[in-house]
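Before any comments, here is the structure.
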Amino acid sequence: MKPMRRIMLAALAAAVAGALPAAAQDKALVAAAEKEGSVAWYTSVDVKVAEAVKEDFHRKYPKIDVEVERSGSERVYQRVNQEHQSGIKHADLVNTSDSTHFIEWKKEGMLAKYVPAGVDKVPAEYRDPEGYYATWRATLCVMGYNTNIVPPDQVPRGYKDLLEPKWKGKLTKAHPSYSGTSLTGTYAVAKLLGWDYFEKLAKQGVQQLQSTTATPKSIASGERAVMVDGNEYNMFIEIDKKSPVKIIYPVEGTPFVSSPVAVFKDAPHPNAARLFADFLFSTKVQQFLVDKGGLRSVVPGVKDPAGRTPLKDIKVIPDDPAGMLPQVEDIKKKYAAIFGGGK
Amino acid sequence: MALVLAALVLLPIYWLGFTSFTDDARHFTLAHYRRLAVDRSFLEPFWVTLWTSAAVGFLCVAFAAPMAWLVARTDLPGKRLLRMLVLASFATPPFLGAFAWVLLGGPNAGLLNHGYYALFGLKPFEATPLVDIFSAWGIVFVTALYTFPYVFTFVATSLDLIPSELEEASAILGAPAWRTALDVTLPLVTPALMAGFLVAFLQSMTLFGPAAILALPASIDTMTTKIWSLFQFPPKLGLAAAASLPLLVITAVLLRVQASIMGRRGYSVVGGKSTGQRLIRLGPWKVVALAPFALVLACSVLLPYGVLTWTAFVKNYSAPMAGNFSFDNWRFVFLEFSQTKLALVNTFALGASAATAGTILATTIGYLSLRRLVWGHRALAFLATAPVAIPGIVLAVGLFLSYTHPPLVLYGTLTIIFLAYLTKEMPVGYQQVASALKSVHPELEDASRIFGATRLRALFDITAPLIRNGVIATWLFIFIGSIRELSATILLFTANTKTVSVTMFDLRESNDWGPIAVLSITMLLITFAMIAAINFFNDRRLA
């Protein structure tokens with residue numbers, strides 16, 4: 001354990017619990033977590049990234065099992081709320097790519113106040129001022145294409161190019177009723193280009209998938225040529241695997257997507273949840289997410305590997321959870337009316 | 001017994017009905033139905049559901065009936081193998097077949113289309129694909145592939161039970177084989193055909209997997225995917241309940257129609273065991289006769305199993321073989337993936353318990369109602385077959401509504417999923433037991449009673465041994481039906497009551513084909529091991 005982190009954790013523990021000596025408190029958290037023996041983590045991150053993080057945690061704390069419950073952000077939201085309404089206490093901590101969830105859960109009093117070690121260093125726009133949640137990972141909602149199918153001079157530059165007749169039957173897209181990233185992206189694009197953009201896009205015979213982790217895999221397999229929206233991090237993973245795909249940062253702008261983490265107030269394994277939250281924000285895990293998971297990190301000191309376009313060189317559309325929140329239902333409804341697969 | 005059945009079936013239906021007519025404040029309203037009747041986003045899925053289900057029914061009858069006749073009445077070679085492959089199609093969950101067909105029939109990356117493009121020097125995206133599985137016809141095709149065994153089994157069983165004397169008489173009188181088949185055999189098996197068509201239609205109408213996997217990517221909704229969408233948070237329970245009731249009504253009507261057709265025909269040509277059957281010689285027609293088997297079984301078993309095996313052992317299913325081979329998917333599923341063990345344990349615990357409880361219930365009810373031993377036996381039979389009318393997902397809603405509040409809170413437990421499986425499989429179990437019981441004419445029991453045996457004695461000494469195979473088959477049917485269940489589980493599972501099917505569906509939504517293929521193969525291997533074990537056991541007991 002890095003000394004810096006130990007000090008921060010200790011300081012935090014002392015703040016929570018009072019007078020105990022720092023190291024003892026750290027040990028106390030670990031001991032209590034080990035006694036609980038497991039932690040249930042609901043997340044929307046790509047399943048292989050999630051399982052790798054779990055493995056890493058398990059290696060460090062062999063006595064604590066991590067149960068990964070992965071689905072799309074909106075599905076995670078549905079499961080969490082359905083279980084909560086039915087009085088089932090199973091989820092310990094949660095991570096989705098739809099920041100409005102955290103506003104809702106906080107309002108409903110479902111979250112525990114907990115600032116994991118290191119989060120106090122995170123820029124203020126990426127954490128809740130009252131300490132209920134913070135951005136664990138970030139990605140961009142990008143476009144992409146298969147280099148075997150699309151010749152270099154034909155590559156679309158942005159959203160509007162996709163309306164050209166030549167892309168008919170060649171597009172794939174994720175669903176905002178399933179994916180928080182797609183929802184965030186849809187909100188941004190609708191604001192920028194209006195809903196008639198999506199109406200025109202639907203006439204292109206888009207392959208309608210669910211997850212923004214699925215669309216990069218679809219173009220990698222060659223099932224479709226161009227991806228309308230997908231996770232930048234899955235594109236990096238595909239590129240690292242030598243799949244024939246490239247990222248497009250649309251000229252109109254690329255939506256930025258924060259994915260916070262929060263601990264539930266009714267977590268059945270409160271100590272393990274807090275220990276795991278600490279672990280998630282540790283520099284080691286954050287660097288792993290960036291290096292192997294292709295994600296962006298908001299934790300200071302984490303460095304992008306060479307070869308990736310730095311954020312500052314991309315025209316990014318910042319996410320706006322507070323602005324999006326009142327429109328979420330409306331976006332999903334409008335989208336389903338055009339592309340199906342919704343209420 | 002009747003009470004258990006009534007509680008199982010009626011409680012969810014009561015809650016469905018109640019919820020469909022009330023608003024959030026529990027006041028009476030017709031708003032849900034009004035919306036269904038005017039909203040195009042409901043009318044279109046309804047229409048798609050109806051025509052695809054009818055198409056599945058026709059396709060199944062058109063292929064399965066001649067196939068069953070060939071197996072039962074001719075000297076077709078390799079019957080044992082063919083029957084085994086039909087059984088394999090039956091044992092293959094339709095959603096799993098849909099997964100495989102995405103890999104085979106995806107218009108641009110699908111391996112069949114790849115082969116087709118390569119063969120004719122065409123290019124993906126430019127040429128029309130051989131198969132576009134992401135379409136309404138894709139649902140019809142895949143659903144029919146895994147539903148035809150119902151029709152096949154119904155017709156084959158019925159043919160096995162009808163003595164061939166009638167057909168022989170026709171042959172002796174000089175009718176050619178085809179004439180005998182059409183004029184004598186066909187009318188005799190019409191009830192089985194009708195029953196088969198109905199089961200195929202209803203299966204198709206209530207399946208969630210193929211529709212969600214194949215139609216949603218093409219922006220097509222069916223009633224099941226629509227109802228499922230209504231559970232996106234915050235759920236629209238009233239609308240979901242209202243959307244499901246028309247399906248219930250359609251099925252009730254169809255079952256009535258079927259009952260009246262069967263009732264009018266009302267013949268019982270089966271009494272005791274008939275003598276050996278004379279088989280029609282196919283001669284040089286053998287090759288032609290094998291063609292439909294080759295086509296159907298290649299599409300339902302050989303190609304899908306092949307593509308799943310391939311996908312399980314490579315990094316990218318659509319990439320060439322060189323440097324593609326890998327055990328990564330297996331390592332991931334069995335060493336890294338948190339869900340695997342939990343899902344397997346849950347799935348098999350649910351399958352075994354639903355099969356055991358279901359067999360006991362179906363056998364008892366089947367006997368009571370078919371021998372008309374109790375008052376209200378018709379109602380019993382109706383209750384036992386009624387769940388076929390409830391789409392799994394709607395049954396799930398009904399169960400959800402019934403058991404999320406006191407006195408009995410079951411949501412979040414395996415019990416609620418067990419109840420779903422038990423209810424859902426009851427019609428299949430009942431049909432199995434009923435067809436076994438129908439093959440034992442009451443006169444056999446009557447004979448025993450004339451000789452002074454009590455009814456119970458007659459039951460144990462005469463009927464039980466004759467239907468034993470049927471009962472074992474029932475257990476098998478329910479078990480296989482349960483371990484592949486997706487439509488109801490998709491709404492009832494929680495994180496720690498996940499099954500293999502739901503886990504695979506989650507993986508599908510993120511296009512993780514490798515792990516899906518590994519889980520598919522695992523599930524199939526375990527299913528076939530079960531079937532083999534039970535067959536072995538069964539043979540031993542008969543010997």
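A few comments on the model shown:
- Listed here are the helices (runs of 4 or more DSSP H) enclosed by segment B:307-389 that have at least 1 residues being under 19 Å from residue B:524 (Cα atoms): B:328-331, B:339-370.
- Matching entry among A:86, A:71, A:44 (being within 18 Å of residue A:180 (Cα to Cα) and within 7 Å of chain B (Cβ to nearest Cβ)): A:71
- Only a single item in (1) under 27 Å from residue A:290 (Cα atoms); (2) more than 14 Å from chain B (Cβ to nearest Cβ); (3) buried (at least 21 other Cβ atoms within 10 Å of the Cβ) is not met by residue A:125, and it is number (3).
- Some residue of segment B:524-543 being within 14 Å of another protein chain (Cβ to nearest Cβ) and either in a helix (DSSP H, G or I) or farther than 17 Å from residue A:79 by Cβ (or both): no
- Restricting segment B:318-338 to residues that are at pLDDT below 90 and out of contact with any Asp or Glu (no Cβ under 6 Å at 6 or more places or on another chain), the residue that is nearest to the other protein chains (Cβ to nearest Cβ): B:318
- Scoring residue A:142 on the criteria (1) of a type in the set (Val, Ile, Thr); (2) within 12 Å of chain B (Cβ to nearest Cβ); (3) in contact with a Ser or Thr (Cβ under 7 Å, 6 or more places away or on another chain); (4) more than 30 Å from residue B:230 (Cβ to Cβ) leaves a single failure, condition (2).
- The number of residues in segment B:503-523 that are in a helix (DSSP H, G or I), within 14 Å of chain A (Cβ to nearest Cβ) and of a type outside the set (Lys, Arg) comes to 13.
- Of all residues in segment B:119-141, exactly one satisfies the criterion of being in a helix (DSSP H, G or I), out of contact with any Asp or Glu (no Cβ under 9 Å at 6 or more places or on another chain) and small (Gly, Ala, Ser), namely B:136.
- Scanning segment A:165-200 for residues being within 14 Å of another protein chain (Cβ to nearest Cβ) and not basic (Lys, Arg) gives a total of 17.
- Contact annotation: residue pairs with Cβ atoms under 6 Å, 6 or more positions apart or on different chains, pairing a residue in segment A:310-323 that is touching a residue at least 12 places away in the same chain (Cβ under 8 Å) with a partner that is among the small types (Gly, Ala, Ser), are A:315/A:253; A:317/A:188; A:317/A:253; A:319/A:258; A:321/A:99.
- None of B:40, B:73, B:80, B:34 is modelled with pLDDT under 95 and closer than 30 Å to residue B:137 by Cβ except B:40.
- Residue match in segment B:209-219 (condition: buried (at least 24 other Cβ atoms within 10 Å of the Cβ) and more than 23 Å from the chain's Cα centre (by Cα)): yes
- Filtered residues of segment A:53-68 (kept if surrounded by fewer than 18 Cβ atoms within 10 Å (Cβ to Cβ) and either at the interface with chain B (Cβ under 8 Å from one of its Cβ atoms) or under 16 Å from residue B:496 (Cα atoms) (or both)): A:55, A:65
- Of residues in segment A:238-268 being touching a residue at least 60 places away in the same chain (Cβ under 8 Å) and within 16 Å of residue A:221 (Cβ to Cβ), the one surrounded by the most Cβ atoms within 10 Å (Cβ to Cβ): A:245
- Residues satisfying the stated conditions in segment A:178-206, i.e. crowded, with 24+ Cβ neighbours inside 10 Å and not in a helix (DSSP H, G or I): A:178, A:179, A:206
- The single condition from (1) under 18 Å from the mean Cα position of the chain (by Cα); (2) free of Cβ contacts under 8 Å to residues at least 12 places away in the same chain; (3) within 14 Å of chain A (Cβ to nearest Cβ) that residue B:43 fails is (1).
- Of everything listed in (1) more than 9 Å from every other protein chain (Cβ to nearest Cβ); (2) assigned to a loop (DSSP other than H, G, I, E, B); (3) of a type in the set (Lys, Arg), the single unmet condition for residue A:224 is (1).
- Across segment A:219-237, the number of residues qualifying as surrounded by fewer than 24 Cβ atoms within 10 Å (Cβ to Cβ), over 19 Å from the mean Cα position of the chain (by Cα) and closer than 19 Å to residue A:293 by Cα comes to 0.
- Sole exception among (1) surrounded by fewer than 23 Cβ atoms within 10 Å (Cβ to Cβ); (2) free of Cβ contacts under 8 Å to residues at least 60 places away in the same chain for residue A:172, by number: (1)
- A single member of B:359, B:347, B:364 is away from every other protein chain (no Cβ under 14 Å), out of contact with any strand residue (DSSP E or B) (no Cβ under 9 Å at 6 or more places or on another chain), buried (at least 22 other Cβ atoms within 10 Å of the Cβ) and farther than 28 Å from residue A:57 by Cβ, and it is B:359.
- All told, residue A:315 falls short of being within 14 Å of chain B (Cβ to nearest Cβ) and either under 20 Å from the mean Cα position of the chain (by Cα) or over 15 Å from residue A:187 (Cβ atoms) (or both).
- Hey, residue B:308 within 25 Å of residue B:498 (Cβ to Cβ) and either at pLDDT 95 or above or under 26 Å from the mean Cα position of the chain (by Cα) (or both) or not: yes
- For segment B:390-414, a tally of residues being more than 14 Å from chain A (Cβ to nearest Cβ) and in a helix (DSSP H, G or I) returns 5.
- Residue pairs whose Cβ atoms lie under 6 Å apart, sitting 6 or more positions apart in sequence or on different chains, and linking a residue in segment B:476-488 that is among the polar types (S, T, N, Q) and crowded, with 24+ Cβ neighbours inside 10 Å to a partner that is modelled with pLDDT of 90 or more and not in a helix (DSSP H, G or I), are B:487/B:208.
- Members of segment A:287-329 found to be small (Gly, Ala, Ser) and over 25 Å from residue A:49 (Cα atoms), listed by number: A:322, A:323
- Sole exception among (1) of a type in the set (A, V, I, L, M); (2) under 25 Å from residue A:83 (Cβ atoms); (3) within 14 Å of chain B (Cβ to nearest Cβ); (4) under 15 Å from the mean Cα position of the chain (by Cα) for residue A:262, by number: (3)
The values are calculated or read from the model by the stated rules, or taken from the named source; none is laboratory data. Keep in mind the model is a prediction, meaning the values are calculated, not measured. For neighbour counting, all protein chains shown are included, and Cβ atoms are generated from backbone atoms with ideal geometry for every residue, glycine included.
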